[in-house]
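Take a look at the structure set out below.
Nothing in this text is a laboratory measurement; each read-out follows from the coordinates by a stated rule. Treat the numbers as computed from the prediction; the structure is a model and nothing was measured. Cβ coordinates were reconstructed from backbone atoms using ideal geometry, including for glycine residues, and neighbour counts include every protein chain displayed.
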Amino acid sequence: MTDKATETAMAGGTSAEFMPKLMTVLREGYTGRDFRADVLAGLTVAIVALPLSMAIAIASGVGPERGLYTTIIGGFLVSALGGSRFQIGGPAGAFIVLVSACVMQIGIEGLILATFLSGLLLMVAGALRLGTYIKFIPYPVTVGFTAGIAVIIFASQMKDLFGLQLAGPEPAEIVHKVGALWEARGTVTPMALVVALATIGMILGIKRLRPGWPNLLIAIVAAAAGVAMLGLPVETIGSRFGDLPRLPPLPALPQMSAEAVLAALPYAVSFTLLGAIESLLSAVVADGMSGRQHRSNIELVAQGVANLGSALFGGFCVTGTIARTATNVRAGSRGPVSGMLHALFVLGFMLVAAPLAAFIPLAALAGLLAVVAWNMAEKEEFWALVKSSKGDAMVVIVTFLLVVFRDLTEGIVVGFALGGLVFIRRMSEAAQVEAAVVPDRPERGGADRDRVVYRLHGPYFFGAAARLGAVLDRIADHPRAFVVDFSDVPFIDSSGARSFELLAHKIARKGGQLYLTGARPEVRLALLAQGARDPLVRFAADLDGVDAAEAAR
């Protein structure tokens, strides 16, 4: 059965929107061939996720092992419990700025607590079915946000790309960060820059010449081998963090004193908002690639459980990751099993190869994240929006600037508000009022001179009511019968309905009558709710109904 058929078959039982896609896949029939395809897809994704998880963790200001914990625990739970067949969970580049700021302010323990609280908030958001609404974030907001994140990620890697030695801690704000990096320009390590550029060149070259090969892993392994064999003077994971553990730690609850919770809560809210947007956007991308449809509310619940699990094992924020999810789809995944296997493969790599990770140069990981930032910037989409219209240009640019120079959450909220205002303006401009040409009917004895008919087109809501209401007021001065045709009005809100109640009073004071024709049932109910009712306002199916009402007056 398809996803839609499964949901239909379940009607009357457990709500289909809260059924994990793993259960759907198993009900449809999961074969040995499907499992083999998922093994290959899971291994492919794990090869991509392994270096990325460590690189994102280091860029976030935590040890590389915490990125692996996040991928193993969080990635497994996202796939096992989520509402997308192909979603791959783990640490994401979009969180680097928030996580690093959180660590600087309240430390690693505070980060783990904020991740735990975020998990609870995501579960509540899913249970309240808020996933249905988060998907409506305007496209210019997501493009501006993603481009801003890409700039921040790239800026965060400049220190390791050039092997700079800063006089103090690296500032979080990008303006101060750039200033500190510029002041440290005399400490460039030429060999670190060579390693970073070689890594970037290898990643891009392999992708161009052998697109099916795991270019990220090959480039990182080659960089580590070259540095180790040649004894190059560059900083490595081992020199900064020591040897990686072979297993995640035993689960433990974070410390939750009232003071700690209050300090972590603002970060938890930011993690929740960003995680919900990022995961659902990733699920939408997977839908577009696969032709399937995700369940947004159970996806949020799963993201919440994954964040709880990640925090218990010392990891940090988990979300859906677009690049790894797309890799999963392209690799031939048949369902959530591939995502679960990807987490187990990363665990296997950790068990076997943890000591070798100490040789990975930080400049190589910085080069990897520089490529990630370049790919995620959505440059073509950004410029297309800038050139498309003034409204879209304003939304995407303001969102981008706020994300880069102010705050991620502020960028999303302000961008969403601006996007809403642009939409309201466009919809209000689409609403029109025009005089209807009504043929004279001799049998009415010329009474048509005492009647005017106007037609409304488009939704009539508060954005249009102010503009069109002024037009209606100007033409409502003298006629005995003022008729407004609602046949082409799909929707009216309380502000629009209220304007007709006020218009009817004005017409009544001058001895006239307001007639509304062709109103749909839902539009008529909205008008009645705001006082537009008999005898002040009379409804009619059409002009013949108006004639009958006039004859009875």
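Numbers at a glance
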read-out	value
Residue (of Q432, L525, A326) at the positive-pole extreme of the chain, dipole from beta-carbon charges	A326
Extended-chain gain in nm, criterion 0.36 nm per residue less alpha-carbon gap, K207 and R520	107.0 nm
Estimated FRET transfer efficiency when R0 is 41 angstrom, pair F35-A430 (beta carbons, to 0.05)	0.20
Counted charge near E65, where neighbours are those whose Cβ lies closer than 15 Å (Asp, Glu -1; Lys, Arg +1)	+2
On Cα atoms only, tilt of 390-405 relative to the major axis of the chain in degrees	30
Simple Cβ-charge dipole of the chain, Lys/Arg +1 and Asp/Glu -1, about Cα centre, in debye nearest 20	520
Estimated vicinal HN-Hα couplings, Hz - segment 101-108 in sequence order (Karplus 6.51, -1.76, 1.60; Gly, Pro = x)	5, 5, 5, 5, 8, 10, x, 5
Among 21-28, 68-75, 351-358, 336-343, the order from most to least packed when residues are scored by Cβ within 10 Å on average	68-75, 336-343, 21-28, 351-358
Antiparallel bridge percentage (DSSP; both residues within the chain; nearest 5)	30
Degrees, to the nearest 10: 32-59 long Cα axis against longest axis of the chain	80
Ellipticity estimate at 222 nm from DSSP helix runs (n ≥ 4, -39,500 (n - 2.57)) divided over the chain, nearest 500	-20500 deg cm²/dmol
With 10 Å bins from 0: P(r) over the chain, alpha-carbon pairs, percent	4, 16, 22, 20, 13, 10, 8, 5, 2, 1, 0
Calculated from backbone phi, Karplus (6.51, -1.76, 1.60) coupling profile of segment 301-317 in Hz, x at Gly/Pro	4, 5, 4, x, 4, 5, 5, 4, x, 4, 5, 4, 9, x, x, 10, 4
Kirkwood-based Rg to Rh ratio, segment 103-211, C-alpha trace	1.10
Ordering of 262-275, 298-311 by packing [mean C-beta count within 10 Å, highest first]	298-311, 262-275
For segment 289-395, radius of gyration divided by Kirkwood radius, i.e. Rg to Rh on alpha-carbons	1.04
Long-range HN-HN contacts of I88 with modeled amide H, under 5 Å	T321, T325
Partners for K390 among aspartates and glutamates (Cα-Cα distance below 16 Å; same-chain residues under 8 apart left out)	E381, E429
Dipole-positive endmost among S279, F86, A343 within the chain (Cβ charges, Cα centre)	F86
Folded to 0 to 90 degrees: helix 337-353 orientation relative to the chain principal axis, Cα	20
Length added when fully stretched, A551-E259, from 0.36 nm per residue minus Cα-Cα	97.6 nm
Set of aspartates and glutamates with alpha-carbon distance to K159 below 19 Å, sequence-local pairs under 8 removed	E170, E173, E183, E235
